[in-house]
């Protein structure tokens, strides 16, 4: 039986998570936030005090990863039963996750974990390489982006609202550095699938993006 898949790829801060969760909710489909998987692994690696040069040890941590996703109004992620949601959005976590994601052996371990989310009635998969590597045969693909400045402003606003100290200039620098790293890595670089719908959300509301994606599926 054919299980429909919608992939939404794009750089950090483009609104993929919000858009993907809203669409999954509207369609009643399952939701995969691949970024949370890599960020959860980054947290697990930190907890285990494993250095980023110790590839074999990182792979072992990845193999033993026990994650739970609770997708309500907000995504709740649990690592070994502990709620780590508040740690997922930290810039340090994102930076480590981006470096870990460049390791081919780690990506191979996590690839199967991601593909297991493909279940009826359908799946909305949000990430960097969902449409190019994880679900290349997906019927519907979107590449969602926005300018680095706009993405940094959104991130800054989120952090300030959570009463977390933030520096806008530093966030712009980190976002641009992560974009370069994600696009230039040898394994599964950030790239738009040839059959994906390109959406620049810089000057769009979340509702407008959601409607455009739903029109694609319809």
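Read the figures in this text as sums done on the coordinates, not as results from a lab. Because the structure is a prediction, the values reported are computed rather than measured. Neighbour counts run over all protein chains shown; Cβ positions are idealised from the backbone, glycine included.
With each pseudo-label sitting 7 Å past Cα toward Cβ, what's the residue 153-residue 64 distance in nm, one decimal?
4.5 nm
In the range 99-126, whose amide N lies under 18 Å from the spot 7 Å out along Cα-to-Cβ of residue 1? List them in ranges.
Label zone hits: 116-124.
Distances over 17 Å make up what percent of all Cα-Cα pairs in the range 76-117?
Tail fraction, whole percent: 49.
Relative contact order of the range 142-218, please, whole-number percent, based on alpha carbon pairs below 8 angstrom and at least 6 residues apart.
44 percent
For the range 1-151, report the translational diffusion coefficient in µm²/s to the nearest whole number, using Stokes-Einstein at 4 °C, 1.567 mPa s, and a Kirkwood Rh over Cα pairs.
Estimated via Stokes-Einstein, D reaches 82 µm²/s.
How large is the helix-only mean residue ellipticity at 222 nm for the chain, computed as the sum of -39500 (n - 2.57) over DSSP H runs with n ≥ 4, divided by its residue count, in deg cm²/dmol to the nearest 500?
Counting only the DSSP helices, I get -14500 deg cm²/dmol.
Measuring from a point 7 Å past the Cα of residue 162 along Cα-to-C-beta, which residues in the range 40-68 have an amide N at less than 18 Å?
Residues 40-47, 68 fall inside that zone.
Taking a ≥ b ≥ c as the square roots of the eigenvalues of the Cα gyration tensor of the range 171-218, is the shape rounded (a/c under 1.5), prolate (a/b larger than b/c) or oblate?
In terms of gyration-tensor shape, oblate.
With a ≥ b ≥ c the root eigenvalues of the C-alpha gyration tensor of the range 73-163, is it rounded (a/c under 1.5), prolate (a/b larger than b/c) or oblate?
Here the range 73-163 falls in the prolate category.
R0 = 35 Å: FRET efficiency of residue 111 with residue 214, Cβ-based, nearest 0.05?
Computed FRET efficiency for residue 111 and residue 214: 0.80.
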